[in-house]
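Following: one structure in structure tokens, then a few remarks.
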Amino acid sequence: MKSSRIPGIYKLPPVERLKVIAKETGLSADDVGQLIAGLAVEQADRMAENVIGTFQVPLGVATNFIIDGLELAVPMATEEPSVIAAASNGARMAREGGGFVTSSTGPVMRAQIQAVGIADPFGARQEILNHKDELIKAANEKDPMLVKFGGGVKDIEAYVIESRVGTMVVAHLIVDCRDAMGANAVNTMAESLAPRIEQITGGRVYLRIISNLADLRLARAKAVFKAQEIGGAEVVDGIIQAAALAEVDPYRAATHNKGIMNGVTAVVLATGNDTRAVEAGAHAYASMRGRYTSLTRYEKNKDGDLVGSIEMPVAVGLVGGATRVHPVAKTVVKILGLKSADHLSRIIACVGLAQNFAALRALASEGIQRGHMTLHAKNVAVQAGARCDLVEMVAARMAAERRINVDRAAEILKELEK
Ligand code: MEV
């Protein structure tokens, strides 16, 4: 798109907003139709069991992103007020510094094969490694398509693990999943190797499953937030103080990372990916050094500007799963102009960083409640029975009065309807 800076988009009604995004991103009438129609019950019935309906969540677009020099509007699916506004705000403040710059490790996952009841676990571990080439070849034969596209098992690792019920040997298949999230591919491979691992180790195999601690599938993003753009040196210092607490205190880190996941999960969901896989990976990665910590870092550069960075596992795919099936996810993939699953993972890291920056900036200055409650007020107005224009009017009055509850909304509504 030419520019993701679309001032005033928030004032438009949803259909007009969609028109702007469709025009900017070159969506066809068909794509727009799919997004509006959403998931039909018949489609849903093929995705999950005992389906009785569909559950809808708002889909919005975060504006203002520049990612690796390209302008991008990012669709986000979330039920939480102020998340999309905050991501847009964070992205806007990164623009002066050139936007977000990304990198990644590539789309590599691990599968684990657990062998137990082994008399000589260290010897068995070495035997697994001695048979590496044979095991890699056998696993890759299970997914020739993945291999054809440059993916497949690249390596095998093996660990001896002490547990409450005895010593185990755990083999890891290191699999390049290309554009798949990879759970199906790696689980099939791991299952297929189980009998051979039993022969090689003399043990009994139980678990054969992906690890969601995707520490080989890291996405990274960095942005420079100019001090004058974000409210001056005091705000820079306040953000650094807040982030420093999250680095060392798990109570704060959990909330800090929750804020990151507000953005991350919204894009993961909008693209039909597995939110739980990404969340499990993020929190496990945050604990990898023995203490739960934050997924972002903030520093002041020599010019006094704020440098924010994020590194986290983002296991998402473009093929398989709901991404190719869900009509809204299919359109979202087009809006994002995705080139690969890796590309998507890097966009997600940027949204996580923008989201986190916006939350910290608000916390380091006016606090989050004012902005949050203004949006929350709209929900309260609707709960009190307000419709159409009255929603905005009731919400605005309650926000100005700082009295946001259903009773007050009902009173204002009564007055306005007189
Ligand atoms: C609320 O959903 C998220 C925040 O609590 C994140 C944070 O505290 O950094 C605002």
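The values are calculated or read from the model by the stated rules, or taken from the named source; none is laboratory data. Nothing here was measured: the structure is a model prediction, and the numbers come from that model. Cβ sites come from the backbone with ideal geometry, for glycine too, and all protein chains shown count toward neighbours. Each accessible area value is taken on the protein alone, full model and side chains, heavy atoms only, with ligands, DNA and RNA left out. Shrake-Rupley method; radii C 1.70, N 1.55, O 1.52, S 1.80 Å.
Observations, loosely collected:
- For the stretch 63-93, a residue qualifies if it is at pLDDT 95 or above, more than 20 Å from G231 (Cβ to Cβ) and either within 16 Å of the ligand (Cβ to nearest atom) or not in a strand (DSSP E or B) (or both), and the qualifying residues are D68, G69, M76, A77, T78, E79, E80, V83, I84.
- Taking the stretch 146-263 and the helices (runs of 4 or more DSSP H) fully enclosed by it, the elements with 2 or more residues that are within 16 Å of the ligand (Cβ to nearest atom) are at 233-248.
- Long-range neighbours under 6 Å by Cβ, at least six apart or interchain, first residue in contact (Cβ under 8 Å) with a residue 24 or more places away in the chain within the stretch 249-262, second hydrophobic (A, V, I, L, M, F, W, C) and within 6 Å of the ligand (Cβ to nearest atom): G259/A359
- Set side by side, the residues K226, K258 differ, and just one is among the charged types (D, E, K, R), within 30 Å of K330 (Cα to Cα) and open to solvent by 40 Å² or more (accessible area, probe 1.4 Å), which is K258.
- Scanning the stretch 264-309 for residues that are assigned to a helix (DSSP H, G or I) and among the small types (G, A, S) yields a count of 8.
- Residues within the stretch 1-45 that are more than 23 Å from T323 (Cα to Cα), open to solvent by 50 Å² or more (accessible area, probe 1.4 Å), hydrophobic (A, V, I, L, M, F, W, C) and not in a loop (DSSP other than H, G, I, E, B), tallied: 1
- Residue that is surrounded by the fewest Cβ atoms within 10 Å (Cβ to Cβ) [pool: residues in the stretch 161-197 that are farther than 24 Å from P144 by Cα and touching a strand residue (DSSP E or B) at 6+ places or on another chain (Cβ under 6 Å)]: I161
- The condition of being in contact (Cβ under 8 Å) with a residue 24 or more places away in the chain and either open to solvent by 10 Å² or more (accessible area, probe 1.4 Å) or charged (D, E, K, R) (or both) holds for only one of A286, A315, A322, that being A322.
- For the stretch 198-233, a tally of residues being free of Cβ contacts under 8 Å to residues at least 60 places away in the same chain and closer than 20 Å to G304 by Cα returns 2.
- Failed item in (1) among the polar types (S, T, N, Q); (2) in contact with a Gly (Cβ under 9 Å, 6 or more places away or on another chain); (3) closer than 19 Å to L338 by Cβ, with T296 passing the rest: (3)
- Summed over the stretch 310-332, the residues that are aliphatic (A, V, I, L, M) and assigned to a strand (DSSP E or B) give a count of 3.
- Of the listed requirements (1) more than 16 Å from the ligand (Cβ to nearest atom); (2) open to solvent by 10 Å² or more (accessible area, probe 1.4 Å), E366 misses just one: (1).
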